[in-house]
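The values are calculated or read from the model by the stated rules, or taken from the named source; none is laboratory data. Worth saying up front: this structure is predicted, and the values here are computed from it rather than measured. Cβ coordinates were reconstructed from backbone atoms using ideal geometry, including for glycine residues, and neighbour counts include every protein chain displayed.
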Amino acid sequence: MTPSPLSPSRRGLLRTSTAAAMAGLATAGAAGAATAAPSAPAGKDGIVRNRLRFREDGTFTVVQFNDTQDGPRTDRRTIQLQEAVLDDVQPDFALINGDVINGSPTSALEAKQAINNVVRPMEDRGIPWALTFGNHDEDSTPVTGLDESAYIDFVRQYPHNLNTPGAAVTGTGNQVLTIRPRRDRGEAFALWLLDSGRYAPEQIAGQDFEGYPDWDWLRPDQVQWYLSTSAALERRNRGLVPGLVFQHIALWEHRFAWFASVDSRTEADHARAVQKHSIVGERNEDECPGPFNSGMFAAMLQRGDVKGLFVGHDHINTYVADYYGIQLGYAPGTGFGTYGLGGAEDHRLRGARVFRLDESVEGLYAGTELRHASDYGIDLTAGTQPGEPAEFPGGVS
């Protein structure tokens, strides 16, 4: 049965709260486009090599956090959840997949504190980690002066961070992290990190987006970068390099998979989709893609290397579907400081997604599962519980 969708007014409050910030951002001309940095370990091709490797037992584990989305006084339970998952799973790589912070910081220091709070759990444990960006990460830019490029410069000060400015395409930090096999020097698996953008422009060709979703979408140059880079990895390794894609905003195909349909969205459609696409998990709000289909799914289908594409953005969706051979899924919202289910169950779905890779498995991708705050006895009382900003590690400012 399809759960009731999130009331538009609740997401609308978030959307409306950023309108002034967006206007200021446009005035400032801060578009968050990728820029090159001389010290980047990856070139303009966006490929990061030799930083990740399968364990001696042939396994590799990834943790995806999503929508930590808070200010300098991050809800203490967000940090508790991150720490509990990391200590339990002991991953080889961790990702915060967009909306790392919200629009509340009033200074550059507060923006850095908000980021520092949620990356310290990985950094303190010596776990390699990275960020992608979501629609809210630049909401405070007109006030703080820090855009996504500045955030990349900031997080690269942390010894275990693997972000780079990324490929010379639309967005910030578009890159692919390759994982070496345990004994060879080749590239066994790929973790694609994409910037799915923020919001649609006010108009295109004099036409506004009334009646359409007005989030952002992957641009053709990003899709082309994936296609060409995937092909380059195949040539270098004499075979397809399987991988997972992480971006913040869902594809249209996420919705198509839930209903096994483009146009029809009935309970019967979903019941058919559960069987057809092996759907597991919840859908408690409508997917919020951009107004245009980016073509990324068709590109992945053509290349045949991607095992799954996972997103956040819609905090109270947790489902995963096998959509024509590619898993399309969500990680739940990790942050306790932003919207959840509402009422007494507001924080029920706070959690993370875990991915298992195994060299003994064909295609190396061994599957995915969720971890919830409730698994660790974390307080789920409705409301927020702001904490104090964490100290910056030595060498980070």
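One table, with the values for the structure above:
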| quantity | calculated |
| --- | --- |
| Qualifying residue in the range 159-167 (condition: crowded, with 23+ Cβ neighbours inside 10 Å and outside any loop (DSSP other than H, G, I, E, B)) | no |
| Selection from the range 260-289 of residues that are in contact with a strand residue (DSSP E or B) (Cβ under 7 Å, 6 or more places away or on another chain), aliphatic (A, V, I, L, M) and assigned to a loop (DSSP other than H, G, I, E, B) | I279 |
| Leading residue by the ranking (surrounded by the fewest Cβ atoms within 10 Å (Cβ to Cβ)) among those in the range 38-49 that are under 22 Å from S228 (Cα atoms) and modelled with pLDDT under 95 | G43 |
| Residues within the range 102-113 that are of a type in the set (A, V, I, L, M, F, W, C) and either touching a helix residue (DSSP H, G or I) at 6+ places or on another chain (Cβ under 8 Å) or part of a loop (DSSP other than H, G, I, E, B) (or both), tallied | 2 |
| Subset of the range 353-365 [farther than 25 Å from N161 by Cα and either under 24 Å from the mean Cα position of the chain (by Cα) or β-branched (V, I, T) (or both)] | V361, G363 |
| Subset of the range 230-246 [among the polar types (S, T, N, Q) and crowded, with 21+ Cβ neighbours inside 10 Å] | S230 |
| Residue check, A257 part of a helix (DSSP H, G or I) and either without any contact (Cβ under 8 Å) to a residue 12 or more places away in the chain or surrounded by fewer than 16 Cβ atoms within 10 Å (Cβ to Cβ) (or both) | no |
| Inter-residue pairs, beta-carbon under 9 Å, first assigned to a strand (DSSP E or B) and in the range 68-94, second aromatic (F, W, Y) and buried (at least 21 other Cβ atoms within 10 Å of the Cβ), 6+ apart | D70/F336; D75/F336; F93/F60; F93/W129; A94/F65; A94/W129 |
| All positions within the range 237-272 that are β-branched (V, I, T) and under 24 Å from the mean Cα position of the chain (by Cα) | V241, V245, I249 |
| Boolean, N116 is out of contact with any helix residue (DSSP H, G or I) (no Cβ under 8 Å at 6 or more places or on another chain) and part of a loop (DSSP other than H, G, I, E, B) | no |
| Yes/no for V241 being under 25 Å from R356 (Cα atoms), assigned to a strand (DSSP E or B), among the hydrophobic types (A, V, I, L, M, F, W, C) and in contact with a helix residue (DSSP H, G or I) (Cβ under 8 Å, 6 or more places away or on another chain) | no |
| Residue that is part of a helix (DSSP H, G or I), among the acidic types (D, E) and more than 17 Å from the chain's Cα centre (by Cα), where the choices are E234, E187 | E234 |
| Out of L357, L349, L370, sole residue that is over 19 Å from E83 (Cβ atoms) and in contact (Cβ under 8 Å) with a residue 60 or more places away in the chain | L357 |
| Residue tally, condition closer than 19 Å to G351 by Cβ and small (G, A, S), over the range 91-134 | 3 |
| Qualifying residue in the range 305-312 (condition: in a loop (DSSP other than H, G, I, E, B) and either modelled with pLDDT under 95 or over 23 Å from the mean Cα position of the chain (by Cα) (or both)) | no |
| Qualifying residue in the range 131-145 (condition: in contact with a Lys or Arg (Cβ under 9 Å, 6 or more places away or on another chain), of a type in the set (A, V, I, L, M, F, W, C), surrounded by fewer than 22 Cβ atoms within 10 Å (Cβ to Cβ) and under 28 Å from S104 (Cβ atoms)) | no |
| Test: residue in the range 200-214 that is surrounded by 20 or more Cβ atoms within 10 Å (Cβ to Cβ) and either touching a residue at least 24 places away in the same chain (Cβ under 8 Å) or within 20 Å of V100 (Cα to Cα) (or both) | no |
| Residue, farthest from R49 (Cα to Cα), within the range 88-109, restricted to residues that are among the acidic types (D, E) and touching a Lys or Arg at 6+ places or on another chain (Cβ under 8 Å) | D88 |
